[in-house]
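Report on the structure given below.
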Amino acid sequence: MTYAGPRDLLEIDLSERTARRAALDDAVFADALGGVGLAVRLIDERVHGPLDPLGALNPIVFAAGPFASTPVPAANKHALATISPLTGLLNEGLSSSHFSAVLRRCGLAAIVVTGIADDWTTVVIESGTVRFEDAAPLVGRSARETTRALRESYGDRSVRVCAIGVAGERGVRYAAVENDGRQAGRGGTGAVFGAKRLKAVVLRGRGEVRIADPERTATISAALRERAVGPKTAKYRVLGTGANLRVLQRMGQLPTRNFTAATFEGAERVTPERARESRGSYLELRAGCAGCPVQCEHLYVRKDRDRRSAAASEYESVWAFGPNCGVDDLDAVLDAIGLCDELGLDTISAGSAIAFAMECAEHGLIAHDAFGPELRFGNGAVLVPAIEAIAQRRGLGDVLADGVRAASERIGGGAERFAMHAKGLELPGYEPRTLPTYALGLSTCTRGACHNRAATYDRDLRNPSEERADAERARDAIEAEDRAVAWDSLVLCKFVRDCFEDFETEASALWSAVSGVPLDARGLREAAQRTWERKRAINARLGWTPADDILPERFFAEPIPAGSNAGRRIDPERLAELRATYEALRRQAGAAVPVGQA
Amino acid sequence: MTVELFGMSRALAGRPTVTLAVEGTVDYAGFVRALADAVPALVPDVIVPARDALVEPNLLLLDGRRAPRGGERFGADDLPCVLFLASGG
């Protein structure tokens, strides 16, 4: 059956200033679906061995979500994949909103960008053409300013732009790429843009996006939309993910001061819920992606300040600059988040880099005054100058701009003990010592320490004291990994995950209705497993070995010091056994790539 | 029995704790019914209309550490908390 949606692949070579457009076969969509599945397939076809992530050969792949620009809710999304300059491994991020929809309206399933431009360049893609424009006047501007300037220059407010800020231009290895106020943040894709001297990609397209079975698509989408405005998503709609903070604090699982503790005495002062409950002091603004009924983003700013400085209060961002830096000043945390968005930095990695520096300073490995205000846990005044120095690669900021793994090697003196990362990617705000299945997923995740690809904490959090067999935990980790691939290939927002009664059955039916390519639940699981195998195969070609699937030594050597989980640590032998069980189960499932030692 | 509330349950109740009219111990379904009696606004966003279970992703954990086993009875000393599954994006 013929794939109904936009099917063109646009290949852009910045060195040669050429563009080539060709249609992808039906078989490609049947094999990889779209989004992450398609992006990973396209990387797999182009990366044959170790390469310099900041070199000409590293491809940047945009792959549209196959439900973008259709009635399917929470699905205007696209994947953005490359080889990460932070980890040296595959990095597949997601972004969303209007840019994702217009990608398909340009008739495109994917874009691959290679090469390095001679000068700063904006690539402009209109429905049938590609132009290379001088981006020199945009250098030094934020993604938001860049978008505004480009729209003004075209006299068209409807053009869609993805761009990097100063951090990407300066090659900060955790620089983000932004479109429509959304960021593909993790893993440093913004630095790959910068290395290619690619400031922005502009889309202008109004083409029709064909749907194979519009009636069935509308019926399924309407049901999903109705569920997406019900109780299953209320915590995102009403409170936002920042509400996690109080919950994890009560559970004694809130990583604090660079994972030296799991409860934070200042948690109540820094929770975004406090701003929401203090309507006399704070203004709350709401935002969300195009076509999404959840509208999960909650931005806050003090009422006596400019509302344009309102900052997003996502849990991971608040955690990174709040508890993880020991900072209990919500205004300082919101300012740090807003500055990261302006400069184009991943908030998790930036906060983790500062927390790492704070601990290094407390152990006398670096100067306390490296950023002006004292570099110590709890000092909110150091966040803004530290972030500016990182984005500008100035002084200690230049060291931290390469991520905590590389920074610890440069600082030396045992700084490696304080570098909280997996495969080079800084850890998100969940405590592996209290979440055994998550610890396994975090170690095996092909992207490094990504909570969205290794979302195995769900089962652990349901009953933190539950004893479970290794095989059960390993199966949960595999299922979570493969299911994340399915979500990210379709690409649906994970915030509607509870809105499906039987995800594989319903989602495969939705795919069939939209694309016209038959798929059942089993086929969806098999497609996800194929993509997971490709991810690991790519990493293996880039030099990954099973020995890289480790967690920071702190989790084995330092028990949680206080709180309801005091004394808990990860037993290294137990984790090794879990990993062996995981690998054995992957082999049993027919994984056709290196899966490590049993 | 005092119950700590988090997330939507706290937002809907408008307070961080609520006291249930429960003497001694109670099982899961009895707990949810007592909670619905104390804070009717929790139905249907946090408590299902049948008033015998919490709506996912809300969950009951004792002292924020463990879920009650099937049929287990628990009391105020077990420090019941209505939490939710934390998840980021």
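Laboratory data are not the source of any read-out in this text; all were calculated from the coordinates shown. Predicted model only: the values in this text are computed from it and were never measured. Heads up, the Cβs are rebuilt from the backbone with ideal geometry, glycines too, and the neighbour counts pull from every protein chain shown.
A few notes on this one:
- Note: region A:40-150, Cα convex hull, 128 Å³ per residue.
- Reachable lysines, given that their alpha-carbon falls under 20 Å from the alpha-carbon of A:Lys423 and they are not under 8 places away in the same chain: A:Lys535
- Footprinting exposure proxy for A:Lys423, A:Lys77, A:Lys494 (fewest neighbouring C-beta atoms within 10 Å first): A:Lys494, A:Lys423, A:Lys77
- Here chain B yields Rg over Rh of 0.93, to two decimals, using C-alpha coordinates and the Kirkwood radius.
- For region A:432-588, a Kirkwood radius taken over Cα pairs fed into Stokes-Einstein (37 °C, viscosity 0.692 mPa s) yields D = 195 µm²/s.
- Number of partner chain Cβ atoms within 10 Å, mean per residue of A:234-244: 5
- Extension gain for A:Asp304 to A:Glu472 (0.36 nm times residue separation, less C-alpha to C-alpha distance): 55.2 nm.
- Spacing of the modelled spin labels on A:Arg462 and A:Val238, each 7 Å from Cα toward Cβ, amounts to 2.3 nm.
- Trypsin sites (Lys or Arg not before Pro) within region B:4-89: DSSP coil, no more than 16 neighbouring Cβ in 10 Å: B:Arg69, B:Arg73
- In chain A, helical runs assigned H by DSSP with n ≥ 4 each contribute -39500 (n - 2.57); averaged across all residues and rounded to the nearest 500, the mean residue ellipticity at 222 nm is -11500 deg cm²/dmol.
- Of all lysines in the structure, those lying under 30 Å Cα to Cα from A:Lys303, and not within fewer than 8 positions of it along the same chain, are A:Lys235.
- The magnitude of the dipole of region A:233-405, with charges of +1 and -1 set on the Cβ of Lys/Arg and Asp/Glu and taken from the Cα centre, is near 600 debye.
- Partner shielding of A:496-502 amounts to 1, given as the average count of beta-carbon atoms from other chains within 10 Å of each residue beta-carbon.
- Note on A:Ala30 and A:Asp156: their simple-model spin labels are 3.7 nm apart, each label 7 Å out from Cα toward Cβ.
- Average Cα contact separation per residue, region A:233-405, under 8 Å, 6 or more apart, as relative contact order %: 18
- Other residues lying with their Cβ under 11 Å from the Cβ of B:Asp52 contribute a combined charge of +1, Lys and Arg counting +1, Asp and Glu -1.
- Computed E for B:Ala53/A:Ala218 - FRET, C-beta separation, R0 41 angstrom, nearest 0.05: 0.80
- Antiparallel DSSP beta bridges within chain A, percent to nearest 5: 80
- Stokes-Einstein diffusion coefficient of region A:8-204, Kirkwood radius over Cα pairs, 25 °C, 0.890 mPa s, in µm²/s: 151
- Sequence-distant lysines (8 or more away, or on other chains) whose Cα lies within less than 17 Å of A:Lys232: A:Lys494
- Peptide A:308-315 - average C-beta neighbours from other chains (10 Å radius): 1
- Loop-located GluC sites (Glu not before Pro) across chain B with a Cβ neighbour count of 16 or fewer within 10 Å are B:Glu23, B:Glu72, with loop assigned by DSSP.
- Unpaired cysteine residues in chain A (no second Cys Cβ under 4.7 Å): A:Cys106, A:Cys162, A:Cys296, A:Cys325, A:Cys340, A:Cys360, A:Cys445, A:Cys450, A:Cys493, A:Cys499.
- Theoretical gain in end-to-end length, A:Asp571 to A:Asp502 [0.36 nm per residue, Cα-Cα removed]: 21.3 nm
- FRET efficiency, 1/(1 + (r/R0)^6) with R0 35 Å, evaluated for A:His48 and A:Glu553 via beta carbons: 0.55
- In chain A, the alpha-carbon atoms span a convex hull of 138 Å³ per residue.
- The charge dipole of the protein assembly as shown, taken about its Cα centre with unit charges on the Cβ of Lys, Arg, Asp and Glu (plus for the first two, minus for the last two), comes to roughly 1020 debye.
- Cβ-based charge dipole, region A:1-137, positive-most Cα from A:Leu108, A:Ser69, A:Ala81: A:Ser69
- GluC sites (Glu not before Pro) within region A:234-338, DSSP loop, no more than 16 other Cβ atoms inside 10 Å: A:Glu265
- Global geometry of region A:110-247, whether rounded, prolate or oblate, following the gyration tensor of its Cα atoms and the 1.5 cut on a/c: oblate
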